[in-house]
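Below is one structure, written out as structure tokens, with a few remarks after it.
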Amino acid sequence: MREELSRRMRRPQRHRLLHGYPMTPLLRRSSPDPLHLRRLDGGLTARSGEELEPPLVSLETDRPLIVGVMPHTQCQPKVEGCGFCTFPHDDFDKRGLRHTVGRVTDEVRRTPAELRRRRVVGVYLGGATANLMPTASLRGLLDALGATFDLHGAELTLEGVPSLFPSFLPGALHALRDGPGARQRVSMGVQTFDPAWLQRMGREHFGDRRVVEKVVSRAHGFGMTASADLLLGLPGRPLDEELADLRLAAGLGLDQICVYPLVLAGDTPWARDPAMVGALPGVEEGLARWLEVRELLGSLGFAQTTLTNFEREPAFVYERASFAPDLHDGLGIGPLSISTFLDPAARTAVKTVRGRSTREWMDVDRLWFPYEPRDVSLLLITRMLCALEIERARYAAVMGRDLADEHADAVAALLAEGLVTLDERALRLTPTGTYYADAVVGTFAAARAAEVRDLGAGKHTTDLARGRVVSDFMG
Ligand SMILES: C[S@@+](CC[C@H](N)C(=O)[O-])C[C@H]1O[C@@H](n2cnc3c(N)ncnc32)[C@H](O)[C@@H]1O
Ligand code: SF4
């Protein structure tokens, strides 16, 4: 186990852990027949309504929900995928965008009754550039969400690029303020404040520091909170420039700063450029830089609350709930959205990943994963570790066994490398462990992943990112 871990620690760390277990290639094709539908509870239904396979979990529980909505998959950078982006994204096309959001809004209204009855703690409108929606479409979607779910206690987040938030006439921020939910948040993709890098990404018109400052102050004026994403390890970029970006971000009044170490993978322009790939920081250098980033953010009043999030006050609900699958289920709505439902008593769970279609019965690319108890254990470990620790009592409440007994070899190897600490209450990542999170999760999951690999469809996240959202409108 120790050898396996040190081999994994020598590889580039990609924070794949954020996807949870299983990794995308292990997800299975939902059904060989496009006229069969894999439901959220794992059951398989023919178009005639006939049940072909029974459900694996019951949706009839009062477990609270988080709802992740992908309203569409469009973006508008001047450079393909901003150069680096591994998220699904399509070119901007106004008619198609309106149509897709309309379809997703209909899908919200068709939410099964047993899910409408559940308490919702957080809704996240994200993926691609969610705030590219026309304001009327956004208002329609928010109305549908408010009419379908009980959002009185919920956090509501809208993601997007900074320049699309402020507007002279009532726009996205006003729609969000008037929408449902107990508290609202805007989440901005900033990446860097450096004009030369923004130009390389084709993001010159997405907003400089003045625009970000304006969004933060307007959001605060509306009683909302604001967060920003920044990229670490841009190829060849000196560390002091990176730290200057973080100082600037902290000075703009943001409530949360999300830092993503750059991953160059798949068919993106920068991943195709050997000079860019060759100029990424190496593993050891990446660790030294990561520890400096953590220290600087700490000194600026931002504590690390998840693998990638640093917050002034630990206030954000959606991420925390998504990292507590023992307590919450996740409903995904819209193209490429992900749902996970767990039955703690039966120790089973079901993950379904929607394809690109906005029509359920045409969604032939749907993927899924049926969790056996061994897989549920890995689901708990991978999700909880994103929030930096696994509480042993919570793990045992689902699995009926202690984490340190069940995964004794992995825990011993991680302790020996100084990547985790273990006490009566929890297994916790050390600061170095937060950098090597990818290696940590690999160590827990490797044996089981090898067993189920052959059943997987072998799709990679970047395969899902390619192509165009299909709806009846586009033919
Ligand atoms: C859906 S995007 C954010 C919203 C918006 N589209 C934007 O670009 O501003 C989510 C975040 O993932 C991060 N991201 C995307 N591709 C990445 C990659 N290859 N490596 C690391 N982080 C990445 C970026 O920081 C981005 O802001
Ligand atoms: S970083 Fe944002 S704007 Fe750029 S391609 Fe990805 S999702 Fe779209």
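Placing pseudo-labels 7 Å out from each Cα toward the beta carbon at E451 and L291 gives an inter-label distance of 3.7 nm. A cut-off under 14 angstrom between Cβ atoms defines the neighbours of L176, and their net charge, with Lys, Arg +1 and Asp, Glu -1, is +1.
Considering helices alone, the calculated mean residue ellipticity of the chain at 222 nm is -10500 deg cm²/dmol, with DSSP H runs of length four and up weighted by -39500 (n - 2.57) and normalised per residue. Here the calculated FRET efficiency for D106 and D273, from their Cβ-Cβ distance with R0 = 41 Å, stands at 0.50, rounded to the nearest 0.05. Rounded, prolate or oblate, given the Cα gyration tensor of the chain, with a/c below 1.5 counting as rounded? Note, shape of the chain comes out rounded.
Extending 7 Å from the Cα toward the beta-carbon at both T432 and H152 defines two label points whose distance is 5.1 nm.
Here the extension length gained between R116 and T421 equals 105.8 nm, from 0.36 nm per residue of separation less the Cα-Cα distance. Protection proxy ranking for 371-382, 64-75, 26-37, using the average of other Cβ atoms within 10 Å per residue and placing the highest first: 64-75, 371-382, 26-37.
Potential lengthening of the chain between R47 and A136 amounts to 28.7 nm, from the contour at 0.36 nm per residue minus the alpha-carbon distance. Charged side chains reduced to their Cβ positions (Lys and Arg at +1, Asp and Glu at -1) give segment 1-143 a dipole of some 540 debye around its Cα centre.
Among G298, T105, A279, which residue has its Cα furthest toward the positive end of the charge dipole of segment 65-321, with +1 on Lys/Arg Cβ and -1 on Asp/Glu Cβ? Result: T105, furthest along the dipole toward the positive end. The modelled label-to-label distance for the pair D178/V364, using points 7 Å beyond Cα in the direction of Cβ, is 4.2 nm. Specify whether the C-alpha gyration tensor of segment 265-424 places it in the rounded, prolate or oblate class, a ≥ b ≥ c being the square roots of the eigenvalues: rounded for a/c under 1.5, otherwise prolate if a/b is larger than b/c and oblate if not. Oblate is the answer for segment 265-424, as a/c is 1.5 or above yet b/c matches or exceeds a/b. What you get for the chain, charging only the Cβ of Lys and Arg (+1) and of Asp and Glu (-1), is a dipole of about 900 debye around the Cα centre. Rounded if a/c is under 1.5, else prolate if a/b is larger than b/c, else oblate: which is segment 217-265, with a ≥ b ≥ c the root eigenvalues of its Cα gyration tensor? In terms of gyration-tensor shape, oblate. Taking other residues whose beta carbon is less than 13 angstrom from the beta carbon of F302, and scoring Lys, Arg as +1 and Asp, Glu as -1, yields -1.
Computed about its Cα centre, the charge dipole of segment 13-81 is approximately 480 debye, with only Lys, Arg, Asp and Glu carrying charge at their Cβ.
A short reminder: the numbers here are calculations on the coordinates, not readings from a lab. Because the structure is a prediction, the values reported are computed rather than measured. So basically every Cβ, Gly included, is an ideal-geometry build from the backbone, and we count neighbours across all protein chains shown.
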